[in-house]
Amino acid sequence: MNINRNLEIAADKIAISEVVYKYCRAIDRLDRELLESVFHEDSIHHHSEYEGSSAQFCDFAFDILSEMENTQHLVGNILIEVEGNFAWSEAYWTAYHRVAKGNESKNGFLAKHDPSIDEDVFISGRYIDKFEKRDGKWKIIKRQGVHDWVRFEPASDKGILGDAGPMPSRSRSDPAYQRN
C-alpha cells in the first residue's frame, strides 16, 4: 500500500470517528439537527428495543433523553475498517444518566427506574456501525447499539462543582457551541 492510500485511509478514519463523537454531543446537548446530520436519510437503526429508521430513532431517543436531568456519553476504543466508500466500526461507550425522583416513564431503560428516589444510571455498550461515504461525506447507514451492562444506583451530589466556571447546558447554549 502506498503512502497516499495510507493517508487517505487515516483521513477517512478521523472523519468517521468525528461522526461518532458528534452523535454523543448531539445526544447530550439534545441537539436534534446535529443528531440527524450523522445519519444518511435511508439509515436504519437497532438500539435497545428500538428497530427502524434512524430518523425515527431520533424521536425515540429524544423522548427518553428529555425525561432526564442530564446525560454524558463517552466513547472509548474505536475500531474502523475502511473498504472504498464503505466502512465498519465498533465503538465502545459508557453513558451516565441522572433520572429524577417521581419519573415513572415506561420508555426504554427508564422503565426500570425506582421513582421513589433520584437515580444515577450507568450504561456501557458498543455502537456497531456501517458507514457510507456519499458526496465526500461519511455518515452512518446502519447502527446497532449493543448494551453490555447497566447499573442503577441512588443519586449522589457529592463532588458537584456547583457554580465554578462555565455552566453546562443541554442545548446549543452550552459552552462547546460558543466560538468567541
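The values are calculated or read from the model by the stated rules, or taken from the named source; none is laboratory data. Since this is a predicted model, take the numbers as computed values, not measurements. Here the Cβ positions follow ideal geometry from the backbone for every residue, glycine too, while neighbour counts run over all protein chains shown.
The rows are residues; the columns are (1) part of a loop (DSSP other than H, G, I, E, B); (2) at pLDDT 85 or above; (3) over 30 Å from Ile9 (Cα atoms); (4) not basic (Lys, Arg).
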{"residue": "Gly125", "(1), (2), (3), (4)": "no, yes, no, yes"}
{"residue": "Glu132", "(1), (2), (3), (4)": "no, yes, no, yes"}
{"residue": "Arg143", "(1), (2), (3), (4)": "no, yes, no, no"}
{"residue": "Lys158", "(1), (2), (3), (4)": "yes, no, yes, no"}
Over segment 22-47, the set of residues of a type in the set (Ser, Thr, Tyr) and buried (at least 16 other Cβ atoms within 10 Å of the Cβ) is Tyr23, Ser43
The number of residues in segment 1-59 that are modelled with pLDDT of 95 or more, out of contact with any Lys or Arg (no Cβ under 8 Å at 6 or more places or on another chain) and within 16 Å of Trp93 (Cα to Cα) is 10
Glu69: passes all of (1) under 19 Å from Lys22 (Cα atoms); (2) exposed (fewer than 15 other Cβ atoms within 10 Å of the Cβ); (3) not polar (S, T, N, Q) but (1)
Per the filter on segment 90-107, residues in contact with an Asp or Glu (Cβ under 7 Å, 6 or more places away or on another chain) and over 30 Å from Ala15 (Cβ atoms) are Arg98, Val99, Ala100, Lys101, Asn103, Ser105, Asn107
Result of the Cβ filter at 6 Å on segment 160-180, keeping first residues that are within 16 Å of Thr71 (Cβ to Cβ) and partners that are among the acidic types (Asp, Glu) and at pLDDT 80 or above, at least 6 apart or interchain, is Pro168/Asp174
Exercise. Quick one: is Ser116 closer than 30 Å to Asp42 by Cα and polar (S, T, N, Q)?
Worked result: no
Of Val121, Val99, the only residue that is over 14 Å from Cys24 (Cα atoms), crowded, with 18+ Cβ neighbours inside 10 Å, at pLDDT below 90 and among the aliphatic types (A, V, I, L, M) is Val99
Among strands (runs of 3 or more DSSP E) entirely within segment 1-114, at least 3 residues that are within 21 Å of Pro175 (Cβ to Cβ) and not β-branched (Val, Ile, Thr) occur in 70-83, 86-99
The number of residues in segment 59-100 that are farther than 16 Å from His113 by Cα, under 15 Å from the mean Cα position of the chain (by Cα) and of a type outside the set (S, T, N, Q) is 13
